[in-house]
Amino acid sequence: MEVDLPWLASIVRARRPKRLPVILSPAEARRIIEQLSGTYRLMTCLLYGSGLRITECLRLRVKDVDLERREIRVRDGKGQKDRVTVLPESLR
């Protein structure tokens, strides 16, 4: 097309963030979970073991958990989509 676009030279590219995300090692996560009890421990184990997002965990209902098939059905998750994830054996 060979069209001259002089305004294109003044556009600045987006910068990448300088900070790296902090990720816990499995041992660190285990130590944190051991300090919790009750509902907080169950929710943390669900977040860590099945990959649920916080809002998905908070909206979870008993009928969404299938103990026999070791599945958790997430309804209206990110993007208003349903998905199925695993139920950790330790929580069965």
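Nothing in this text is a laboratory measurement; each read-out follows from the coordinates by a stated rule. For clarity, every value in this text was computed on a predicted model and none was experimentally measured. We place every Cβ from the backbone using ideal geometry, glycine too, and count neighbours over all the protein chains shown.
Side notes on the structure shown:
- The slack in the chain from Arg16 to Arg61, taken as 0.36 nm per residue of separation less the alpha-carbon distance, amounts to 12.3 nm.
- Computed [θ] at 222 nm, helices only, for the chain once each DSSP H run of length n ≥ 4 contributes -39500 (n - 2.57): -8500 deg cm²/dmol
- Here the scattering of the range 25-91 is modelled by Debye summation over its C-alpha atoms, one equal scatterer each and no solvent; at q = 0.22 Å⁻¹ the log10 of I(q)/I(0) is -0.95.
- Of Arg15, Arg61, Arg30, the one that fluctuates the most in a GNM where the chain has Cα springs shorter than 10 Å: Arg15
- Label point at Ala29 placed 7 Å out along Cα→Cβ; residues across the range 65-92 whose backbone nitrogen lies under 17 Å: 72, 85-92
- Dipole magnitude for the chain: about 260 debye, using +1 per Lys or Arg Cβ and -1 per Asp or Glu Cβ, origin at the Cα centre.
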